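Report on the structure given below.
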Amino acid sequence: MINSYDKLLLENKAWATQQVKKDPEFFSRLLEIQTPEFLWIGCSDSRVPADKITGTQPGEIFVHRNIANMVVHTDTNLLSVLEYAVVVLKVKHIIVCGHYGCGGIRAAMENRSLGIINKWLRNIKDVYFKHREEINQEKNDEAKTNKLVELNVKEQILNLAKTSIIQKAWKYEQRPNLHGWVYGLNDGIIKPICEMEPGTKIDSLYEYDNL
Ligand code: CO
């Protein structure tokens, strides 16, 4: 009997064989060094695969995914990825990509206790609270969710700009650019929502002056 996961291993073998057939140096080239230009911070949702929807190849995009593409300033996982991408890999662009119909965003707008995930969703609830009036002007639940999806991406871009990691790279190396995008599950199209260039002013409360 073939288990469902055996298909993954078979597909992997076929993929590896295909890659070598197309480009004999493919793996040996990637073995030594990775020089991705992009850091992708996306949702864990299985329908939003970073490399597939952007047509990027192995080696081109450094990826971090969590529920609802959050940049939480106490999350050592995210911060480690961010610091490595900015300081060591020297990425030029960071993309925070949300998606319409995000289950994490929807759950954060509801009142059901879901266990430990409450603590994660709490970060999204705070974004909802901050923009509640604007969001509640939308006509139905779906539109409200999608409005929060967009505003949440903007908020996470701001959260990146509030980190000393980004502020230091902006000050000394004039990179990276920050991009907020939202992916449409219904049509596969990514919509750019916002952008922050190196040196963009943020509220002075969040600025470090001794970097
Ligand atoms: Co999602």
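Some notes on this structure:
- The listed residues are Leu205, Leu151, and the only one of them that is within 17 Å of the chain's Cα centre (by Cα) and either within 29 Å of Ser46 (Cα to Cα) or not in a loop (DSSP other than H, G, I, E, B) (or both) turns out to be Leu151.
- Residue match in the range 147-157 (condition: charged (D, E, K, R), without any contact (Cβ under 8 Å) to a residue 12 or more places away in the chain and either farther than 25 Å from Glu110 by Cβ or assigned by TED's automatic domain parsing to the domain that holds Ala108 (or both)): no
- Qualifying residue in the range 86-97 (condition: farther than 16 Å from Ile166 by Cβ and not hydroxyl-bearing (Ser, Thr, Tyr)): yes
- Extreme residue, surrounded by the most Cβ atoms within 10 Å (Cβ to Cβ), among residues of the range 183-194 that are in a strand (DSSP E or B) and without any contact (Cβ under 8 Å) to a residue 24 or more places away in the chain: Lys191
- Helices (runs of 4 or more DSSP H) enclosed by the range 33-128 - at least 1 residues per element that are free of Cβ contacts under 8 Å to residues at least 12 places away in the same chain: 50-54, 76-83
- Counting residues in the range 127-137 that are surrounded by 15 or more Cβ atoms within 10 Å (Cβ to Cβ), closer than 30 Å to Leu211 by Cα, more than 16 Å from the ligand (Cβ to nearest atom) and in the same structural domain as Gly180 (by TED's automatic domain parsing) gives zero.
- Selection from the range 14-32 of residues that are surrounded by 10 or more Cβ atoms within 10 Å (Cβ to Cβ), in a helix (DSSP H, G or I) and among the charged types (D, E, K, R): Arg29
- Residue that is farthest from the chain's Cα centre (by Cα) [pool: residues in the range 154-180 that are assigned to a helix (DSSP H, G or I) and among the aliphatic types (A, V, I, L, M)]: Ala169
- Positions within the range 28-87 being away from the ligand (no atom under 16 Å from the Cβ) and among the hydroxyl-bearing types (Ser, Thr, Tyr), in sequence order: Ser28, Thr35, Thr54, Thr56, Thr74, Thr76, Ser80, Tyr84
The values are calculated or read from the model by the stated rules, or taken from the named source; none is laboratory data. This structure is a prediction, so every number in the text was calculated from the model and none was measured. FYI the Cβ positions are ideal-geometry reconstructions off the backbone, even for glycines, and counts take in every protein chain you see.
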